[in-house]
Amino acid sequence: MTKIQLYSSYQDTGFCPANVSRVVFLDTEVLSTNYDGVDKVRECLRKGQGPELIRELSDLHQVDYAKFRENVAPILYYCWDPKTINALKNVLDTTGAKIVLSSDLRFAFSQSDMADLFKIHGLAEYYVDNIGQVIDDNETTKFFTNKYGIDVCHWRTWEILEYLERCPQIKSYVVLDEMYLNPGLGDRFFRDFTSYQKDMIAKIIQLLQTDM
């Protein structure tokens with residue numbers, strides 16, 4: 001099996017820009033810590049306020065959010081926690097790191113549309129790329145277990161490690177993900193990222209500021 005055959009036909013990804021040397025691989029689920037957000041979305045839609053919110057967001061960010069399904073912009077607006085987003089922005093601003101999307105949202109939206117959605121919370125300026133998608137079959141599993149070891153068996157970990165191989169200009173990275181992706185990523189993998197985890201945030205900044 002050749003390297004190119006490891007990947008599915010879905011390839012809305014490229015090589016990380018040459019000037020990007022520090023990366024946060026982001027699963028957007030870590031931002032969904034606004035626990036009353038779902039109720040707010042339901043109330044917004046039940047009261048017929050969705051179109052008004054979409055118009056307001058569209059005017060504010062100069063993006064036509066009506067091009068998405070009715071609930072997409074409200075979900076991101078209400079469910080992504082501003083405090084957690086500000087903590088992430090602090091990490092990115094302090095270290096100069098950029099976002100490479102590892103979330104399953106990369107399958108739902110093009111990079112252009114994802115950038116527009118990131119504008120809702122001011123994250124578009126940090127977003128530079130998506131990881132790829134590996135083929136889910138026995139041959140791919142055999143390839144990666146031989147390459148990285150039998151204990152490194154999560155498909156998203158494989159995708160991140162392969163991305164790092166394709167982008168040698170990346171000198172430092174962390175992975176923020178709701179799923180348990182270790183082993184394979186060592187101390188650069190973090191779960192439960194929130195604004196309240198001060199020690200975790202300090203550790204992330206330290207890692208991003210130190211070349212591998």
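Restricting the first residue to region 82-110 and requiring it to be among the aromatic types (Phe, Trp, Tyr), which pairs with a second residue that is modelled with pLDDT of 95 or more meet a Cβ separation below 8 Å and a spacing of at least six or different chains? Final answer for the pair search is Phe109/Leu117. Residue count for region 130-157 satisfying the condition of being charged (D, E, K, R), over 25 Å from Leu176 (Cβ atoms) and free of Cβ contacts under 8 Å to residues at least 12 places away in the same chain: 2.
Here's the yes/no breakdown for (1) among the hydrophobic types (A, V, I, L, M, F, W, C); (2) closer than 30 Å to Leu208 by Cα; (3) in a loop (DSSP other than H, G, I, E, B); (4) in contact with a helix residue (DSSP H, G or I) (Cβ under 9 Å, 6 or more places away or on another chain):
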| site | (1), (2), (3), (4) |
| --- | --- |
| Phe15 | yes, yes, yes, yes |
| Ala18 | yes, yes, yes, no |
| Leu45 | yes, no, no, yes |
| Val63 | yes, no, yes, yes |
| Val91 | yes, yes, no, yes |
| Thr94 | no, yes, no, yes |
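When Ile75 is tested against (1) in a helix (DSSP H, G or I); (2) within 30 Å of Asp199 (Cα to Cα); (3) in the same structural domain as Met200 (by TED's automatic domain parsing); (4) touching a residue at least 12 places away in the same chain (Cβ under 8 Å), just one condition goes unmet, and that condition is (3).
Residues of region 198-211 include at least one that is farther than 17 Å from Lys89 by Cβ, β-branched (Val, Ile, Thr) and modelled with pLDDT under 95.
Just a yes or no: is a residue in region 97-116 over 30 Å from Val134 (Cβ atoms) and assigned by TED's automatic domain parsing to the domain that holds Pro168? So far as region 97-116 goes, no, none of its residues is over 30 Å from Val134 (Cβ atoms) and assigned by TED's automatic domain parsing to the domain that holds Pro168. Apart from one condition, Tyr65 fits all of (1) closer than 30 Å to Met200 by Cα; (2) surrounded by 18 or more Cβ atoms within 10 Å (Cβ to Cβ); (3) among the hydroxyl-bearing types (Ser, Thr, Tyr); the exception is (1).
Evaluation of Thr13 against the conditions (1) at pLDDT 95 or above; (2) hydroxyl-bearing (Ser, Thr, Tyr); (3) closer than 17 Å to Cys167 by Cα shows that the sole unmet condition is (1).
The values are calculated or read from the model by the stated rules, or taken from the named source; none is laboratory data. Nothing here was measured: the structure is a model prediction, and the numbers come from that model. Cβ coordinates were reconstructed from backbone atoms using ideal geometry, including for glycine residues, and neighbour counts include every protein chain displayed.
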